[in-house]
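Report on one structure; see the data block that follows.
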Amino acid sequence: MAVKISITASHDGGNIQFPNASPGDAHGMVVHPTITSGRTAKCTVSLHVRPDVFTSLEDIAHMQYFSFRVFVSGLHGGHDAGTADEEPIKLLTVTYEIANAHAVSYPEAWPGTTVFYSPRTSAPTPADDDAWRRNLTTRYVDGKLTWTHVHSVNGSVFFSYFPMYGYERHLKLVADCAAAAVAAGPSLAEYRPRIASLGQTIQGRELECVSIGKGTTVAWIIHRQHPGETMAEFFAEGLLHRLLGVSPSSELDEPTRRVLQ
């Protein structure tokens, strides 16, 4: 089997475009690397950040966040030596480049950035937060964000600007908030915790609003208003856990009580 790379972005939080894909392959691309020696192969994969939905308020389609999945097949390792008429390829070195990095909403963020990756050996999906690592070869040069990754096993690797906050985790967060509101003890009940729906998104997903507090000052805390900002919900999770006492003790600390007054 020849070494092959398949790239997609259909997972929850996936966001990438394939400028060099064949016609009709807008949802993915396949790359056949060049064999450089009997045991190694290499190639360069050029990708684009996909713009978010156009916003008439700012008159722009923002783009910054990217995430995609790479599936490698055809590598031979251990006792799998391939067929008699082909050299076993054991290592595949890929240079990934975001070719339109200069055109994103905030290109000033790229210098010093390290792309995250979730290796197959740690997690078959990007849902495991502890599986993410930083690719220290990341560079921003001549308007392109580039990094190199050596694939040594068949299977998937996820690359992302930030680790993704998946929809399943979002649903669990909402359920935890709702459970805290329903089972509120005396220390929390006085702050009237509640959760409601404000409507649905264009994807048909619920748009939830969690409210708590009894003072006269109203503060709206909004996150993920840009479709590509899945990582913003990590902050929201920590904040809501603190405000609702979602912890083993279910108790509010004194600074939180002062905020809710």
* Asked: If you place +1 on the Cβ of every Lys and Arg and -1 on the Cβ of every Asp and Glu, how big does the dipole about the Cα centre of the chain come out, in debye to the nearest 20?
  -> 200 debye
* Accessible area per residue of the chain at 1.4 Å probe, in Å²? -> 56 Å²
* As a check on your grasp of the helix formula, calculate [θ] at 222 nm for the chain: sum -39500 (n - 2.57) over DSSP H runs of n ≥ 4, divide by the residue count, round to the nearest 500. => -4500 deg cm²/dmol
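Ignoring ligands, DNA and RNA, what percent of the 1.4 Å accessible area of the range 184-261 is carbon and sulfur?
Working: 2910 of 5140 Å².
Of all accessible area on the range 184-261, carbon and sulfur atoms account for 57 percent.
Remind me, relative contact order of the chain in percent, using alpha carbon pairs under 8 angstrom and six or more residues apart?
Values: 487 pairs, mean separation 43.5, N = 261.
Computed over the chain, the figure is 17 percent.
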* Structure fact -> Among 20, 212, 131, the residue whose Cα sits farthest towards the positive end of the charge dipole of the chain, when +1 is placed on the Cβ of each Lys and Arg and -1 on the Cβ of each Asp and Glu, is 131
* To do: Using a Förster distance of 22 angstrom, determine the FRET efficiency expected from the C-beta separation of residue 207 and residue 55, and round it to 0.05.
  => 0.85
* To do: Measure of size requested: the Rg and Dmax of the chain, with Cα atoms as the atom set and Å as the unit; please supply both.
  => 22.6, 78
* Could you work out how far helix 232-244 tilts from the main Cα principal axis of the chain, as a 0 to 90 degree angle to the nearest 10? => 30 degrees
* Put +1 on the Cβ of each Lys and Arg and -1 on the Cβ of each Asp and Glu in the chain; which of 114, 198, 88 then has its Cα farthest toward the positive end of the dipole? -> 114
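Taking the range 171-261, which chymotrypsin sites (Phe, Trp or Tyr not before Pro) meet the DSSP loop condition and have no more than 16 other C-beta atoms within 10 Å? Numbers along the way, then the final one.
Numbers: sites: 191, 220, 234, 235; in loops: 191, 220.
Here the sparse-neighbourhood loop sites are 220.
The values are calculated or read from the model by the stated rules, or taken from the named source; none is laboratory data. Predicted model, so just to flag it, every value in this text is computed and none were measured. Every residue, glycine among them, receives a Cβ derived from its backbone with ideal geometry; neighbour counts consider all protein chains shown. Keep in mind that these areas ignore ligands, DNA and RNA; they rest on the heavy atoms of the full protein, side chains included. Shrake-Rupley method; radii C 1.70, N 1.55, O 1.52, S 1.80 Å.
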